[in-house]
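Note sheet for the following structure.
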Amino acid sequence: MSRNPNPPERRNMPATTPPAPVAPNDRGRLRAAVFLDRDGVINIDHGYVSRREDFSFVPGVLDAAADLARMGYALVVVTNQSGIARGYYTEDDFHALARWMRARFAEAGAPLAGVYHCPHHPDAGNGALRRDCDCRKPAPGMLRAAARDLNLDLSRSALFGDKCDDLRAALAAGVPLRVLLGKDGAAMPQEACPETLAGARHRSLASALADPQLRARLLQRCDPAPATGERA
Ligand SMILES: [Mg+2]
Ligand SMILES: [Zn+2]
């Protein structure tokens with residue numbers, strides 16, 4: 001009666017299939033992305049920030065994001081927002097703040113290709129949002145959804161986060177460059193993520209982009225910036 005959820009021909013397939021090589025001039029080429037965590041990376045993490053009045057940008061983050069945009073990266077925010085499951089604020093509150101934040105990025109020359117959030121929590125709050133989901137980092141659901149929606153090449157992408165779980169989500173999604181940042185750009189990261197998880201460690205997004213070695217890795221991987229003059 002019930003369909004076999006795991007038919008034999010699939011059971012033997014590798015867990016992940018490497019992406020097919022793409023010619024450099026292919027116009028349909030998938031874009032490389034930089035994924036950014038929000039709280040602690042973009043804004044000072046006061047805890048469950050949901051209002052504009054409480055949202056202060058980490059110094060230098062908008063200029064650094066504009067730098068990444070000029071390199072040709074699609075910028076995507078991926079943020080756990082269990083404050084919604086906990087009832088501290090609503091989806092509407094989150095979206096209103098996200099709209100305002102997107103406008104600030106756009107003004108700075110760093111338009112965001114997407115903002116993805118997980119409103120769930122496995123054991124906090126009441127109602128439908130209290131559940132195990134595949135989007136709460138360290139799960140890779142938000143990155144995978146962004147890749148589908150925005151035609152991203154995860155294998156040429158990078159993630160900046162201030163928690164090991166941010167980096168775990170990137171690892172699970174096949175994002176090779178994972179950078180651990182200090183919370184709020186205030187100091188070097190305190191969390192001890194394994195070397196295999198964190199490819200680099202920096203105080204903030206701005207200081208990461210000031211590092212020549214990391215810049216070189218980012219430039220190697222990213223798409224050429226869109227042509228602004230007559231000739232590419
Ligand atoms: Mg964070
Ligand atoms: Zn979720």
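Each reported figure results from applying straightforward, stated rules to the coordinates on display, with no laboratory input. Keep in mind that what you see is a predicted model, and the values were worked out from it rather than measured. Quick reminder, even Gly has a Cβ in these numbers, built from the backbone with ideal geometry, and neighbours come from all protein chains shown.
Within the range 159-190, what residues put their amide N at less than 18 Å from the label point 7 Å along the Cα-to-Cβ vector of Q220? The answer is 159-160, 175-180. Calculate the FRET efficiency for R70 and A128 from the Cβ-Cβ distance with a Förster distance of 30 Å, rounded to the nearest 0.05. With R0 = 30 Å, the Cβ-Cβ based efficiency is 0.15. How much FRET efficiency would the formula 1/(1 + (r/R0)^6) give for R52 and R86, where r is the Cβ-Cβ distance and R0 is 22 Å, rounded to 0.05? After rounding to 0.05, the efficiency reads 0.65. Amide H contacts for H120 (H built 1.01 Å from N in the peptide plane; partners 5 or more residues away or on another chain; cut-off under 5 Å): Q81. Taking a ≥ b ≥ c as the square roots of the eigenvalues of the Cα gyration tensor, the range 29-221 is rounded, since a/c falls below 1.5.
Residues whose amide H comes within less than 5 Å of that of A200, counting only those at least five positions distant or on another chain, are R178, L180 (H built at 1.01 Å from N in the peptide plane).
Determine the gain in length on full extension of the stretch A172-A96; use 0.36 nm per residue of separation and subtract their C-alpha separation, reporting nm with one decimal. It would help to have the intermediate numbers written out before the result.
On the way: separation 76, 0.36 × 76 = 27.36 nm, distance 2.99 nm.
Gain on stretching A172 to A96: 24.4 nm.
Taking amide H positions as modeled 1.01 Å from N, with prolines and chain starts lacking one, the residues under 5 Å from N43 and 5 or more places away or on another chain are V58. Rounded to the nearest Hz, the phi-derived 3J(HN,Hα) couplings of the range 173-181 under the Karplus curve 6.51 cos²θ - 1.76 cosθ + 1.60 (θ = phi - 60°) are 8, x, 8, x, 9, 10, 10, 8, 10, where x marks glycine and proline.
Backbone geometry of the range 47-53 corresponds, through the Karplus equation with coefficients 6.51, -1.76 and 1.60 at θ = phi - 60°, to 3J(HN,Hα) couplings of x, 6, 6, 9, 10, 3, 4 Hz, x marking Gly and Pro.
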